[in-house]
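This report concerns only the one structure given below.
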Amino acid sequence: MGRGEYYKNKYGRGGRGGRGGQRANSSNSQPNFRGEDQDWTDSSYQNKRVIKASTREQLRNMLLDMDRKPYNFYKELYGYEFDFERLFTLKFDHVQGDPYASPSRLCVTLPLNNSRYPESAWTNKSRTVALADYICRSTVAVISELKADHKARGAWHEGKGGELRIEHPSQNIILRTSVEVQNGAILLRFCVGLPAKGRSICGHWAAEICATTVYQIVIRACCGEPTDKNKVESWVKCYEDQENLREQLDRAQLVAFVPDGAVLPRAAGHIDTPLGGKSVVPFKSPPSLKTTLQCPNKGSITGMGIRPGVTLIAGGGFHGKTTLLSALKLGVYSKIPGDGREYLVTTPSATKIRAEDGRQITGVDISNFINNLPQNKDTTKFYSCDASGSTSQAAAIMEYLELGGKCLMIDEDTAATNFMIRDDKIQMLLSADKEPIKPYLYRARELYDRLGVSSILVVGGAGDYLDIADTVLLLDNYIVVDVTDRAKEIASSRPAHLPSLPPMVSPKARTPDLGSLSPFREKTKVPDKTSVSYTMRGEENFSVLDLSALEQLVEIGQTRFINEVLQKLSSQKGGQTLKELMEALSGEIDRHGLGCIKDNSNWLCRPRIQEIAAAINRYRHLALR
Ligand code: ADP
Ligand code: MG
């Protein structure tokens with residue numbers, strides 16, 4: 001599609017600025033997640049009535065004219081679409097009310113044909129996700145090179161404002177709203193602090209940012225000579241291969257795959273980039289678990305396949321057990337090239353759970369693991385606003401099963417000991433009828449044999465797990481050794497006492513009362529990726545929805561998205577189970593992108609349904625039907 005044709009589609013045949021634009025595809029008129037009939041195959045910029053077509057020069061003049069006027073004159077920017085030399089358009093999605101409010105948002109729409117990106121980078125939907133990710137990173141880099149973010153470079157004027165930012169992505173390639181590729185165009189969404197001195201507009205400064213700096217950034221990040229053509233192509237292919245590998249796992253009868261040569265350790269506990277230097281021991285599969293998979297671009301790839309069942313990661317302290325499990329838990333996301341964990345993939349529903357005392361539990365049947373609590377507390381519909389380590393872990397597992405997940409991960413380091421094992425001496429001291437907990441040790445085998453749910457467990461001290469394991473991996477100086485046979489010998493020479501228990505009951509489907517999710521929430525904020533804070537109407541104090549136990553949340557944008565989902569769900573009719581709600585939401589995002597929850601946002605990122613449901617489950621005001 002040439003440039004002229006793009007504009008013709010966009011504005012219709014009556015020339016630019018008209019309203020005759022064709023809708024790209026109006027056949028899809030199913031009611032969507034918002035309960036409205038709307039054609040989401042159109043991008044939001046086409047849906048929104050563009051009222052006034054204008055030019056870059058006019059934008060500059062408008063801003064210069066606003067100089068020294070009261071701050072709210074900036075609102076005049078609404079409703080315009082500024083054409084930048086027929087290369088791209090710019091419009092304001094949000095104009096802040098005062099210099100101290102959260103920054104304004106502007107959206108640039110650049111037809112792909114005007115960009116330097118090769119057509120091969122957007123031939124399918126999967127590739128557009130990776131291309132958008134690539135562009136997002138290029139844009140972040142250009143902003144930093146140009147020192148365009150006033151906040152980042154220190155005082156420029158005495159005034160307030162001048163921030164110019166785009167969301168910083170993590171090591172993962174995920175669908176985000178900061179940059180999207182759709183309908184033949186790239187959408188870049190910037191945060192901009194519209195500048196002021198006191199409460200008067202700094203028009204010259206604003207004109208420099210919006211008409212000049214943004215232009216330079218877009219040109220550098222997206223246009224010009226395609227010097228990075230190979231890099232872009234390998235970026236999208238690498239992503240496509242990883243998505244493909246993850247899809248293959250089921251067919252290959254695997255729950256995870258770790259490629260030979262992968263670099264698993266990270267630079268530091270709080271930094272997700274790879275550890276560098278000579279001390280790194282690259283991953284190498286033990287011969288017995290060597291598996292070769294084929295991916296569409298890279299061809300064959302060899303590494304360790306983890307089969308369904310109960311897998312133990314054993315070994316001495318500091319030998320790399322947690323590092324391996326952490327890489328596996330994040331294998332649900334595809335990585336950027338150079339991360340070290342590219343092509344390490346885990347079955348999409350795999351979830352790491354952990355002990356989380358103090359959390360909320362709402363009506364979960366934890367009786368498979370816990371019974372006979374003091375004061376006859378009902379464990380088939382267990383409620384607590386202050387769970388213990390063991391009840392929190394039991395609830396997390398049952399909530400996970402309720403969604404239909406197939407692979408649980410637990411690390412001894414972050415588990416409640418009494419939930420994992422009961423040794424002989426403690427059994428002598430405390431008869432079984434006095435101890436309410438049936439540890440995971442008694443259930444892990446059955447979880448797989450009857451319910452098909454695999455476990456990958458880090459075990460350093462609980463040897464009884466050898467009795468129930470299908471595969472035992474030993475980490476020795478960061479090298480994985482398959483010690484399954486030896487483990488079986490040990491287990492049969494000294495068998496563990498595993499009592500026979502009544503069979504597990506299947507998880508009950510709970511139906512949330514959606515009205516409980518939001519109507520009294522005000523002033524919601526997402527200060528970081530692990531929490532949502534809000535006040536309840538009429539209350540002074542902030543409440544916090546604590547998501548720090550959700551170790552597979554990797555970007556703050558995911559947490560923001562979760563917050564938006566809570567708001568959105570609360571206005572729906574309800575009556576669906578939590579699982580049905582999550583599946584509907586997931587389908588909606590697949591079809592229509594993140595805009596199905598909120599339009600024109602510049603900072604959302606796609607979470608998995610496991611994390612969304614986990615957040616709902618932790619919400620302190622959740623009620624069930
Ligand atoms: P464990 O859980 O067995 O006690 P960890 O996984 O926490 O051990 O790893 C201990 C340390 O070893 C960490 O600092 C980690 O970065 C480092 N490490 C892990 N795997 C490797 C490796 N393959 N090469 C180099 N260092 C590693
Ligand atoms: Mg550890």
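Counting only helices (runs of 4 or more DSSP H) wholly contained in segment 144-246, the ones carrying 3 or more residues that are closer than 25 Å to Arg560 by Cβ occupy 150-153, 214-222. One residue stands out among those in segment 447-502 that are assigned to a helix (DSSP H, G or I), under 31 Å from the mean Cα position of the chain (by Cα) and of a type in the set (A, V, I, L, M): the one that is nearest to ligand 1 (Cβ to nearest atom), which is Leu447. Summed over segment 468-483, the residues that are within 16 Å of ligand 2 (Cβ to nearest atom) and not hydrophobic (A, V, I, L, M, F, W, C) give a count of 3.
Looking across segment 97-136, the residues that are assigned to a helix (DSSP H, G or I) and either in contact with a Pro (Cβ under 6 Å, 6 or more places away or on another chain) or more than 27 Å from Tyr333 (Cβ to Cβ) (or both) come down to Asn113, Asn114, Cys136.
Within segment 418-446, the set of residues being aliphatic (A, V, I, L, M) and either over 30 Å from the mean Cα position of the chain (by Cα) or surrounded by fewer than 21 Cβ atoms within 10 Å (Cβ to Cβ) (or both) comprises Ile421, Ile426, Met428, Leu429, Leu430, Ala432, Ile437, Leu441. Out of Ser326, Ser279, Ser285, Ser334, one residue alone is of a type in the set (Gly, Ala, Ser) and more than 15 Å from ligand 1 (Cβ to nearest atom). It is Ser334. Restricting attention to segment 266-279, does a residue exist that is in contact with a strand residue (DSSP E or B) (Cβ under 8 Å, 6 or more places away or on another chain), within 16 Å of ligand 2 (Cβ to nearest atom) and outside any helix (DSSP H, G or I)? Scanning segment 266-279 turns up at least one residue that is in contact with a strand residue (DSSP E or B) (Cβ under 8 Å, 6 or more places away or on another chain), within 16 Å of ligand 2 (Cβ to nearest atom) and outside any helix (DSSP H, G or I). For the residues Pro436, Pro512, Pro495, the requirement of being within 27 Å of Pro374 (Cα to Cα) and touching a residue at least 12 places away in the same chain (Cβ under 8 Å) singles out Pro436.
Helices (runs of 4 or more DSSP H) fully within segment 310-425 that include at least 2 residues being touching a residue at least 60 places away in the same chain (Cβ under 8 Å) and within 16 Å of ligand 2 (Cβ to nearest atom): 321-329. Looking across segment 526-551, the residues that are more than 13 Å from Leu566 (Cβ to Cβ) and touching a Phe, Trp or Tyr at 6+ places or on another chain (Cβ under 9 Å) come down to Thr535, Met536, Arg537, Gly538, Glu539, Phe542, Val544.
Every condition in (1) over 19 Å from Ser170 (Cβ atoms); (2) out of contact with any Phe, Trp or Tyr (no Cβ under 8 Å at 6 or more places or on another chain); (3) outside any loop (DSSP other than H, G, I, E, B); (4) modelled with pLDDT of 95 or more is met by Gln567 except one, and the failing one is (4).
Within segment 564-575, the set of residues being under 16 Å from Gly595 (Cβ atoms) and without any contact (Cβ under 8 Å) to a residue 60 or more places away in the chain comprises Glu564, Val565, Gln567. The residues of segment 40-71 that are modelled with pLDDT under 95 and exposed (fewer than 14 other Cβ atoms within 10 Å of the Cβ), listed by number, are Arg49, Ile51, Lys52.
Of all the residues in segment 600-625, those that are more than 18 Å from the chain's Cα centre (by Cα) and in a loop (DSSP other than H, G, I, E, B) number 7.
In this structure, does Ser288 turn out to be among the hydroxyl-bearing types (Ser, Thr, Tyr), surrounded by fewer than 16 Cβ atoms within 10 Å (Cβ to Cβ) and without any contact (Cβ under 8 Å) to a residue 24 or more places away in the chain? No.
Return the only residue of Ala256, Ala267 being more than 21 Å from Ser349 (Cβ to Cβ) and within 26 Å of the chain's Cα centre (by Cα). None of the other options fit; the residue is Ala267.
Comparison of Ala350, Ala314 shows that the only residue that is within 16 Å of ligand 1 (Cβ to nearest atom), of a type outside the set (S, T, N, Q) and in contact with a helix residue (DSSP H, G or I) (Cβ under 8 Å, 6 or more places away or on another chain) is Ala314. Number of residues in segment 197-211 that are surrounded by fewer than 24 Cβ atoms within 10 Å (Cβ to Cβ), more than 14 Å from Lys151 (Cβ to Cβ), touching a residue at least 40 places away in the same chain (Cβ under 8 Å) and more than 35 Å from the chain's Cα centre (by Cα) equals 6.
The values are calculated or read from the model by the stated rules, or taken from the named source; none is laboratory data. Predicted, not measured: the structure shown is a model, and the values here were computed from it. Positions of Cβ are backbone-derived with ideal geometry, glycine not excepted, and every protein chain shown enters the neighbour counts.
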